[in-house]
């Protein structure tokens, strides 16, 4: 359900006027893309100063004006990865199909690499696990037990493989101020929730996931292909629905004698603050559920306050929390894990 490349540090757009939309694209270039994608940095700066493209974006519903959605749709339809003038020329010629695709699709990047920062928390839980992912997209993060992991730290390299042996997918993570996990969890049951679940076995939907990956990120594209092949062989159960309306009924289906874990990553930023607060309150109330959140710094204020009290700044990273307790700062794609305890 998510896409932001630097940890969803920016909040969803709520203003409707052109000035706010231009400022959003300027901030996207500065805060989101500057260190990750020269192409998207140039494109976002170009859109911010382009009255014609801004006017066309304003005709779309507010959630559909996102930079990630616009740029992914254009690239998906063949705009290429050229400079902004090339993109602008292409958009003006192909606005109708671009608009239709933006209305039909959403930003649902599915980054399997985030399992590397979820594993330290999951590995500490006892018993077989029942996993429920909120905002699961295609469900690639529902398979932490099927991937291999390599953790790099000052003390050396630690590799962690599934009980069945090395996986066809290896996730690399830089580790600081934390001991590397030494095992993968036993997962007895898994399911996901998403407003629009993606069928990873569907070629067109998989191509859309590829389009959502930023132009320069070839390693992520290769990882997506490998993880998609692994998961397509045993697809997860994905339930269409809203998180508040669905999570408790799905949790009730978890097998007895398992530990239910509800987790999400870069999802709550796309949920209205009031709904976000209700969901967090629900998770805190459920003593039978372990709640793991991996969200941008400003998404859960209580969690961010804990980080601030430690004199630390996320600096574009996610904050990983277990049952509302901040435990680590993590790279947006699972590339790094810095313990806070």
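Computed values, structure above
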item: Descending principal axes extents, segment 100-151, alpha-carbon based, whole Å; result: 47, 24, 15
item: Crossing angle, helix 18-27 versus the chain [Cα axis fit, 0-90 degrees, rounded to tens]; result: 50 degrees
item: Within a Gaussian network of the chain (alpha carbon springs, distance under 10 Å), most fluctuating of 279, 318, 71; result: 279
item: Length-normalised contact order of the chain in % [C-alpha pairs under 8 Å, at least 6 apart]; result: 20 percent
item: With Cα atoms, 0 to 90° folded angle of helix 67-76 axis to the chain main axis; result: 80 degrees
item: Antiparallel DSSP beta bridges within the chain, as percent of all bridges there, nearest 5; result: 40 percent
item: Centroid-to-centroid separation of segment 234-306 and segment 88-126 [C-alpha atoms, Å]; result: 19 Å
item: For segment 40-79 versus segment 129-205, the gap between their alpha-carbon centres in whole angstrom; result: 32 Å
item: Rg/Rh ratio calculated on Cα atoms of the chain (Kirkwood radius); result: 0.96
item: Overall dimensions of segment 206-254 as given by Cα atoms, namely Rg and Dmax in Å; result: 15.0, 42
item: Exposure proxy order (Cβ contacts within 10 Å, fewest to most) of 158, 330; result: 158, 330
item: Stokes-Einstein D for segment 18-104, Kirkwood Rh over Cα pairs, 25 °C, 0.890 mPa s (µm²/s); result: 194 µm²/s
item: Highest to lowest packing among 110-118, 301-309, scored as the average C-beta count within 10 Å; result: 110-118, 301-309
item: Average Cα contact separation per residue, segment 190-303, under 8 Å, 6 or more apart, as relative contact order %; result: 28 percent
item: For segment 225-341: span of alpha carbons on each principal axis (Å, largest first); result: 42, 36, 30
item: The chain - mean residue ellipticity at 222 nm from DSSP helices (-39,500 (n - 2.57) per run, n ≥ 4, rounded to 500); result: -10500 deg cm²/dmol
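Since every read-out is calculated from the coordinates, none of them should be taken as a lab result. None of these values were measured; they are calculated from a predicted model. Glycine gets a Cβ as well: all are built from the backbone with ideal geometry, and neighbour counts include every protein chain shown.
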